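Reviewing the structure listed below.
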Amino acid sequence: MDQTGFWLAFSHVKGIGAVRFRKLLSFFGELSRAWEADSAELLAAGLSEKNVRDILEKRESLDPLALTEQLRSKDISFLTWEDEAYPRYLKEIAQPPPVLYYKGTITVQDDLAVAIVGTRNVTSYGKQITQDTAAYLAQSGVTVVSGLARGVDGLAHQAAIEAGGRTIAVLGSGVDIIYPPEHRRLAERIKEHGAIVSDYAPGTKPDGINFPPRNRIISGLSRATIVIEAGEKSGALITAKFAVEQNREVFAVPGSVLSPMSRGTNDLIGEGAMPMTNPKTVLEALRIEADSRVEKPQQQNLTDAERTILHVLGQDSLHIDEICVRMDMSVEKLTVTLTMMELRGLVVKERGMVYRQAGKWM
């Protein structure tokens, strides 16, 4: 009997995770037998009475043989431990998700992935470093992994996409429920340039208790985790802790001792995380050569106006009025040109109408 539907069915039962999946497989051999077992057998397999009650209750509403088709109708894909395409590095962690749901594509290229995480209350300093780091990694053929949250996460996904690379978002809900809601459009773009993934069954709401456990998947998918900015109680620090437990590299961006958003990262460095002052150090630490598979925005054909703007900016951050004076160009035409350059990843708008070349902090 095809076991796929039974893997999906058990993943819908609250409290049945990696440890209990292994108990069921060890005791019954096949999950179809476990699904049809009586209470005494389930207890003998090592489940608690609550687990058994939850399974029996779920049986009343779920048809394992129909689940696969139901997911396909919603454009939801999935991988189990038994699938060869299951992410290589995620499978190595202590408790990998028995079932990984996703929308989009997961490829062998994603074995080369780095997580970028940080605070929702990102500063202009953190924004600049997040965008430049994600773009650099994406242009080097590295898949950028994050959690789709406000702040650093969303910026990292967006920058990776605009750089022409791949990105994966790990949710604390089912893949059919996007949170925060204002990132629905971003989630659609991520599906076109990577995947949104979750170990929570479709239909699972984004409850607060779901997010700390999902952080183990962010770090588990990744060869390394970079923490850009983090307060003392930031969820990004949980991701870093999981990365350490999974024997993965942890990098942290140093910041001002006066900035609350740098307290967490500075503490990480004090505890042994590698300080990241240049994303090139991440590739060097992982012994990864920068890849040329992704065309860098700086290598795209430039118009005379774009080339002049980049020359005027140089290493500086300039207000649009200053650029206008130096170029002798109308504000209207300059605004349009700068907007197009920003979309192509050539320049970054820092604050107000101040611009700089992308990647100039590196």
How large is the convex hull of the Cα atoms of the range 1-65 per residue, expressed in Å³ as a whole number?
71
What ranking of Glu192, Glu342, Glu60 emerges when the number of other C-beta atoms within 10 Å of each C-beta is taken as an exposure proxy, fewest first?
Glu60, Glu192, Glu342
Compute the relative contact order of the range 1-65 as a whole-number percentage, counting only Cα pairs closer than 8 Å that sit 6 or more residues apart in sequence.
43
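Under 1.5 on a/c is rounded, so check that first for the chain, then, if it is not, pick prolate when a/b is larger than b/c and oblate when it is not; a ≥ b ≥ c are the square roots of the alpha carbon gyration tensor eigenvalues. Write out the running numbers ahead of the final one.
Details: a/c = 2.58, a/b = 2.09, b/c = 1.24.
Prolate.
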Hey, in the GNM for the chain with a 10 angstrom Cα cutoff, which one of Ile168, Ile320, Ile76 fluctuates hardest?
Ile320
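Given an 8 Å cut-off on Cα distances and at least 6 residues of separation, report the relative contact order of the chain as a percent.
Numbers: 684 pairs, mean separation 50.6, N = 362.
Over the chain, the number comes to 14 percent.
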Only Lys, Arg, Asp and Glu count, each charged at its Cβ (+1, +1, -1, -1), so figure out the dipole size of the chain about its Cα centre, rounded to 20 debye.
460
Taking the alpha-carbon centroid of each part, what is the distance from the range 257-277 to the range 86-124 in angstrom?
23
Counting other beta carbons within 10 Å of each Cβ, put Trp81, Trp7 in order, fewest first.
Trp81, Trp7
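Stokes-Einstein diffusion coefficient for the range 297-357 at 37 °C in a medium of 0.692 mPa s, Rh from the Kirkwood formula over Cα pairs: what value in µm²/s?
After rounding, the answer is 290 µm²/s.
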Exposure proxy order (Cβ contacts within 10 Å, fewest to most) of Asp54, Asp328
Asp328, Asp54
When the Cα centres of the range 133-153 and the range 21-76 are compared, how far apart do they sit, in Å?
36
In the chain, if the dipole is taken from +1 on Lys/Arg beta carbons and -1 on Asp/Glu beta carbons about the Cα centre, which of Ile190, Gly270, Gly126 is farthest to the positive end?
Gly270
Once a ≥ b ≥ c are taken as the square roots of the eigenvalues of the Cα gyration tensor of the range 53-133, is the result rounded (a/c under 1.5), prolate (a/b larger than b/c) or oblate (a/b not larger than b/c)?
prolate
Those helices of the chain passing the 20 Å axial Cα length cut-off and the mean Kyte-Doolittle cut-off of 1.0 (DSSP H runs only) are none
Candidates Asp267, Asp153, Asp304: whichever shows maximal mean-square fluctuation once the chain is modelled as a Gaussian network with Cα springs under 10 Å:
Asp304
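Using the structure shown, select from Lys58/Lys103; Lys241/Lys349; Lys58/Lys205; Lys127/Lys205; Lys191/Lys233 the pairs with a Cα to Cα distance greater than 21 angstrom.
Over 21 Å apart, Cα to Cα: Lys58/Lys103; Lys241/Lys349; Lys127/Lys205; Lys191/Lys233.
How large is the helix-only mean residue ellipticity at 222 nm for the chain, computed as the sum of -39500 (n - 2.57) over DSSP H runs with n ≥ 4, divided by its residue count, in deg cm²/dmol to the nearest 500?
It comes out at -12500 deg cm²/dmol, rounded to the nearest 500.
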Could you work out which residue, out of Ser259, Ser146, Ser61, moves most in a Gaussian network model of the chain, that is, has the largest mean-square fluctuation with Cα springs under 10 Å?
Ser61
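Where a number appears in this text, it was derived from the coordinates with a stated rule and is not lab data. Note that the structure is predicted; figures quoted are calculated from it, not measured. In this analysis, Cβ positions are derived from the backbone assuming ideal geometry, glycine residues included, and neighbour counts consider all displayed protein chains.
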